[in-house]
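This report concerns only the one structure given below.
Please treat every number below as a calculation from the coordinates, not as lab data. Everything quoted here is computed from the prediction, not taken from an experiment. Because the Cβ atoms are built from the backbone with ideal geometry, glycine has one as well, and the counts that use them run over all protein chains shown.
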Amino acid sequence: MTVWIHRVRNDIDSTLEAAVGQSAERSANLAAAMRYAVVGGGKRFRATLTIAAAEMVGGCYEQAVRIGAAIECVHAQSLIHDDLPCMDDDSLRRGKPTVHRQFDEATAVIAGDALLALAFEILADELTHPDATIRARLVLRLAQAVGQDGLAGGQMLDLYPPVNASQSDMEACESRKTGALIRYAVEAGAMLGQCSPEELSRLIQFAERLGLVFQIRDDVLDVIGDPEEVGKALGKDIASGRASATAVLGVENAILQSHRLERECLEALSGFGSNALALKDLTSFAVRRHH
Ligand code: IPE
Ligand code: IPE
Ligand code: MG
Ligand code: MG
Ligand code: MG
């Protein structure tokens, strides 16, 4: 597993490095900000998920790496914008100054825009998949995952939560702002191999629960995490009136909920037997991670 993860991280980084590229005609500062945000940092949870899902259904590793790199571009964009003063106003990300602190706000906004565009450029490239129908589906599903019913819609619910948010309000927000991209990561991986409609629907059930688990753990770490280890400012959700899992359920119940969701994840994977080992390990990591 560790060797595999190292290989995945290296391959994702070199794909991203090449995709951002180097050109004398372009803005060196924009490329530097994009590289700063996307190359060499983060856990690569979503990219790893795509590759694990693809390998489970017999998909091609190189194609999965390109899709994983595209997803990491979207994820990096979401973090750059999430950290801006008009959103969460954060100064530290992945143990380093946030992009708007290291560069400036305008550069951060534009680097986010360019990373989002780059994700679609990577997916639409023939190198990602020879079949244009699959490329179009990869693009369509990513657009849906980041749009009004996905990440962008979830960020709105996060910034403007309803008064006295219920558990279902919290889940509606978290399954969009974070869950949608995690669901896409699994679905895109599955698109690369052989998967019956029934298997696909079980994988989607798995991915939807995993996305919630991942954000619930992020919310729990906001309360009980070690800032050094997490690499970002903590203790922010409740202070800023967010309907996070801990604000709505309390820490203990949020942890219990993540364990319930973990069981549902494992149930959804049960039909895949030992082929699902990597996905099971990623689930356990999502529930118990300290960073
Ligand atoms: C942080 O995501 C933001 C959330 C959606 C929870 P990650 O915890 O995956 O951040 P990195 O990529 O590892 O830095
Ligand atoms: C992240 O939620 C959601 C995104 C889509 C970026 P948070 O705002 O809780 O993520 P962190 O804690 O800043 O990483
Ligand atoms: Mg946020
Ligand atoms: Mg934030
Ligand atoms: Mg958070």
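Check whether at least one residue in the range 185-204 is touching a residue at least 40 places away in the same chain (Cβ under 8 Å), surrounded by 13 or more Cβ atoms within 10 Å (Cβ to Cβ), within 22 Å of residue 63 (Cα to Cα) and within 14 Å of ligand 1 (Cβ to nearest atom), and report yes or no.
So far as the range 185-204 goes, yes, one or more of its residues are touching a residue at least 40 places away in the same chain (Cβ under 8 Å), surrounded by 13 or more Cβ atoms within 10 Å (Cβ to Cβ), within 22 Å of residue 63 (Cα to Cα) and within 14 Å of ligand 1 (Cβ to nearest atom).
In this structure, is residue 88 surrounded by fewer than 22 Cβ atoms within 10 Å (Cβ to Cβ) and over 17 Å from the mean Cα position of the chain (by Cα)?
Values: surrounded by fewer than 22 Cβ atoms within 10 Å (Cβ to Cβ): yes; over 17 Å from the mean Cα position of the chain (by Cα): yes.
Against the criterion (surrounded by fewer than 22 Cβ atoms within 10 Å (Cβ to Cβ) and over 17 Å from the mean Cα position of the chain (by Cα)), residue 88 qualifies.
What number of residues within the range 214-258 satisfy the criterion of being among the β-branched types (Val, Ile, Thr), more than 19 Å from residue 97 (Cα to Cα) and within 19 Å of the chain's Cα centre (by Cα)? Reasoning before the result, please.
Step one: list which residues in the range 214-258 are among the β-branched types (Val, Ile, Thr), which gives 216, 220, 223-224, 230, 238, 246, 248, 251, 255.
Subset that is more than 19 Å from residue 97 (Cα to Cα): 216, 220, 223-224, 238, 246, 248, 251, 255.
Now restrict to residues that are within 19 Å of the chain's Cα centre (by Cα): 216, 220.
Looking only at that region, the number is 2.
Among the residues of the range 38-52, is there at least one that is over 24 Å from residue 209 (Cα atoms) and of a type outside the set (Val, Ile, Thr)? Show your work before the answer.
Narrowing the range 38-52 to residues over 24 Å from residue 209 (Cα atoms): 38-41.
If we keep only those that are of a type outside the set (Val, Ile, Thr) too, we end up with 40-41.
Yes; the residues of the range 38-52 include at least one that is over 24 Å from residue 209 (Cα atoms) and of a type outside the set (Val, Ile, Thr).
Can you tell which of 219, 149 is closer than 22 Å to residue 73 by Cα, out of contact with any strand residue (DSSP E or B) (no Cβ under 6 Å at 6 or more places or on another chain) and either within 16 Å of ligand 5 (Cβ to nearest atom) or free of Cβ contacts under 8 Å to residues at least 40 places away in the same chain (or both)? If you could, list the steps in order and put the result at the bottom.
Values: 219 fails: closer than 22 Å to residue 73 by Cα.
Unique residue meeting the criteria: 149.
Check every one of the helices (runs of 4 or more DSSP H) wholly within the range 22-84 and list those with 2 or more residues that are within 13 Å of ligand 1 (Cβ to nearest atom) and within 12 Å of residue 114 (Cα to Cα). Walk me through it before giving the result.
Values: elements: 28-38, 45-56, 61-83.
Answer list for the range 22-84: 28-38, 61-83.
Looking only at the range 56-75, decide whether some residue is within 15 Å of the chain's Cα centre (by Cα), closer than 17 Å to residue 218 by Cα and either without any contact (Cβ under 8 Å) to a residue 12 or more places away in the chain or surrounded by fewer than 23 Cβ atoms within 10 Å (Cβ to Cβ) (or both).
Looking for residues that are within 15 Å of the chain's Cα centre (by Cα), closer than 17 Å to residue 218 by Cα and either without any contact (Cβ under 8 Å) to a residue 12 or more places away in the chain or surrounded by fewer than 23 Cβ atoms within 10 Å (Cβ to Cβ) (or both), one finds none in the range 56-75, hence no.
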